[in-house]
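Peer 1: Mind having a look at this structure? Questions to follow.
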Amino acid sequence: MYEKLEEVNEIVKKCTKCGLCKTRTNTVFGTGNENAEIMFIGEGPGADEDREGEPFVGKAGKLMDQAFLGLGIDRSKVYIANIVKCRPPSNRTPLKEEAMACLDYLRNQVMIIKPKVIVLLGNTALKNILGDEYGITASRGKWIEKKGIKYLPTFHPAALLRDESKKIYFWEDLKLVKQEIEKE
Ligand code: SF4
């Protein structure tokens, strides 16, 4: 385990631990405040993210920004990362072995950032972090505490782009997150 995000990022940039290294343009490590109280974990980079090397820069990212703005969550105070750091071809769901190969980097990021809450965006994040017994429809909007970390699962912003009716739930879930970090 490394003590600085930059050290982990340097390892990720050269990583060949899974097959996704063959098709990536850039690794997408994560972005945001090293001392963030809220950490968002998504699935993996899409085409825009792969090109720019930054997570959530495409349409899904814009939707997140709108929600942050609407709810008064300062983006500079959050950290955003993904389960896998390299883009799965055609934006397919990362395979279990790809997620497992990559998870140590994410664990190291969490260890360094020590967020107060972690928001799990969609099924891939939820299942790979908390276990296959969880499903996003049943778990969203409910706090789950494990090993002293509070998790809140919610829909992935890409799911909101496919189904607008889910936006209200995403919004409600982010309100819970805001309330949580404003406690004390
Ligand atoms: Fe390495 Fe993760 Fe990229 Fe796979 S997805 S090559 S484990 S950085």
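The values are calculated or read from the model by the stated rules, or taken from the named source; none is laboratory data. The model shown is predicted, which means the values in this text are computed figures rather than measured ones. FYI the Cβ positions are ideal-geometry reconstructions off the backbone, even for glycines, and counts take in every protein chain you see. Please note that ligands, DNA and RNA were not included when accessible areas were found on the heavy atoms of the full protein model with its side chains. Shrake-Rupley method; radii C 1.70, N 1.55, O 1.52, S 1.80 Å.
Peer 1: Would you kindly identify the helices (runs of 4 or more DSSP H) lying entirely within segment 1-116 that contain at least 3 residues that are within 19 Å of GLU180 (Cα to Cα)?
Peer 2: Of the helices (runs of 4 or more DSSP H) lying wholly inside segment 1-116, those with at least 3 residues that are within 19 Å of GLU180 (Cα to Cα) span 59-71.
Peer 1: Okay, next question. Across segment 147-166, which residue is farthest from the chain's Cα centre (by Cα) among those that are touching a residue at least 24 places away in the same chain (Cβ under 8 Å) and open to solvent by 10 Å² or more (accessible area, probe 1.4 Å)?
Peer 2: So, considering only residues that are touching a residue at least 24 places away in the same chain (Cβ under 8 Å) and open to solvent by 10 Å² or more (accessible area, probe 1.4 Å), the one farthest from the chain's Cα centre (by Cα) is LEU161.
Peer 1: Another question about this same structure. Is there any pair with a first residue in segment 21-37 that is of a type in the set (Lys, Arg) and a second that is open to solvent by less than 50 Å² (accessible area, probe 1.4 Å) and not in a loop (DSSP other than H, G, I, E, B) whose Cβ atoms are under 7 Å apart and which are 6 or more apart or on different chains, and what are they?
Peer 2: Partner pairs satisfying both residue conditions: ARG24/ASP50.
Peer 1: Among residues belonging to segment 6-22 that are in contact with a helix residue (DSSP H, G or I) (Cβ under 9 Å, 6 or more places away or on another chain) and within 8 Å of the ligand (Cβ to nearest atom), point out the one that is farthest from ASN35 (Cα to Cα).
Peer 2: Among them, the one singled out is GLY19.
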